[in-house]
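Working notes, structure below.
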Amino acid sequence: MRKLLQKLLTNPIIRFTDKYASRPDRARVHTALSSLFKHIQHGKSKKGLVLEFNGTSKLIIFSDHHKGSKDYRDDFLLSEKNYLAALDYYNQEEYTYCCLGDSEELWKNNIFSVIKHHKASFEKEKLFVKRDAFIKIYGNHDLYWDNDPFAFLTIEKVYGKKLKVYEGLVLRMFIDKKPLSFLLTHGHQGDLQSDGNWFSKWFVSNIWGPLQSYLRINPNTPANNRKLKSAHNTVMYEWTAKQKDLVLITGHTHQPVFNSLTHLERTYKRLHAARATGDITLANELEDELRAGKVSGEASTRYEDSKNTYFNAGCCCYNDGDITGIELDATCYQAHRMEV
C-alpha cells in the first residue's frame, strides 16, 4: 500500500512543498521576524519573554534535537550521550538553558512516545526547571507545544511544573555601556507550512508531517538541503543587517553560524590569516580539515563583508554524534563544537 501511495502522491507532494514549504521568501521572513520582535518588546507574553542580561548571567542555547522514539527515524540517538554530558556540565555551572525549538520530532512521532523513550534527557532538562533556569521555545517540528489545547498538561507532567512555551526570547544587555538586544527564536518564521494561521500549523503537525513520514517522502528543507541552509541563513542575516543594536540567534537550518559566517567561511578566513602570518602548521591543519570534508557550510555573499549580527546554534543531531550550541555570558560569546 505504501509503495502505491508513494507512486501516486510523491510528485504532487513535491510540487506542493516547492510552492509552500521552506524555500525562504525574503519579504515574508523579514516581516515575520519584525512582527515577532515588536510583539515581544511590547510585552505580549504569549509570544515571548524579555530578560535582562546582567554581569552574572550565563546562558546555553541548544536547538534541533529531533528526539524520536528510538527507532530508525530517531535522529537524536547518536548525539544523546554528548547531550546528556553537556547538560550535566551546564547545570553544574548554573547556566540557564534555552531550548531553541524542534527539541521533539513530532512530525514523525507522537509526544507520548518521545517522552516514553527519552526519559533520560527530560530528567536532565528537569534539573534546570527546578532552578527556574529553563526556557523552552517551539519550532516547526514541535508545534504541538503551541497549538495543542492540552499541551500545558503534558509539559507539567514531563517537568513537574507549569511552563510556558514561547515563540521567542529577547535578551537586553549592555556592551561597553551601549544597549544591545538579542532576539532568540527557532527560525522558521515566514514559512507558510509552519508559520501561518492556527489551522495551517495544526494541519502541518497533525496531517502533513505524519503523511510525509508514512510515505517516507523527504522533500528539500533547510535541515537536509545545503543550498537551502545557506539561502535561509542569508535571509536571516539580511534582516539583522537592517536592524540597529540587535543580534539574531536561531536554529532550524542545522548549520552553525557564528558572527554571521558559517563554519566553512570562518575556516577560510582562518586559513588566509595563517598564510598571511606564515603560520604553516595551522595552515596545513586547516587544509587537512577542508580536504577531509569535516567543515560544514557553504560560502556566500556575506563572506567578505559581514556585520556580526547573526548566529545559528546548529543542532544536536549530527550523524557523527556531535552537538553544537552557543554560550552567552557577561564577557564573551562563544560557539562550541562539543565532543565527549
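Annotations for the structure displayed:
- Listed by first and then second residue, the pairs with beta-carbon distance under 6 Å, at least 6 apart or on different chains, first residue in the stretch 57-81 and under 22 Å from ASP132 (Cβ atoms), second of a type in the set (Val, Ile, Thr), are LEU59/THR96; ILE61/ILE326.
- For the stretch 70-83, the set of residues classified as at pLDDT 90 or above and hydroxyl-bearing (Ser, Thr, Tyr) consists of SER79, TYR83, listed by residue number.
- Which numbered condition ILE135 fails, given (1) β-branched (Val, Ile, Thr); (2) more than 22 Å from the chain's Cα centre (by Cα); (3) at pLDDT 95 or above: (2)
- Residue check for THR301: more than 30 Å from LYS67 (Cβ to Cβ), polar (S, T, N, Q) and modelled with pLDDT under 70: yes
- Any hit, the stretch 117-125, residues being surrounded by fewer than 19 Cβ atoms within 10 Å (Cβ to Cβ) and of a type in the set (S, T, N, Q): no
- Between LYS47, LYS67, the distinction of being modelled with pLDDT under 90, within 18 Å of the chain's Cα centre (by Cα) and of a type outside the set (Asp, Glu) belongs to LYS47 only.
- Number of residues in the stretch 38-49 that are touching a helix residue (DSSP H, G or I) at 6+ places or on another chain (Cβ under 6 Å) and either surrounded by fewer than 11 Cβ atoms within 10 Å (Cβ to Cβ) or closer than 15 Å to LEU248 by Cα (or both) equals 1.
- Only a single item in (1) small (Gly, Ala, Ser); (2) in a loop (DSSP other than H, G, I, E, B); (3) modelled with pLDDT of 95 or more is not met by ALA86, and it is number (2).
The values are calculated or read from the model by the stated rules, or taken from the named source; none is laboratory data. Just so it is clear, the model here is predicted, and its values are computed rather than measured. All Cβ positions, even for glycine, are placed from backbone atoms using ideal geometry, and neighbour counts span all protein chains on display.
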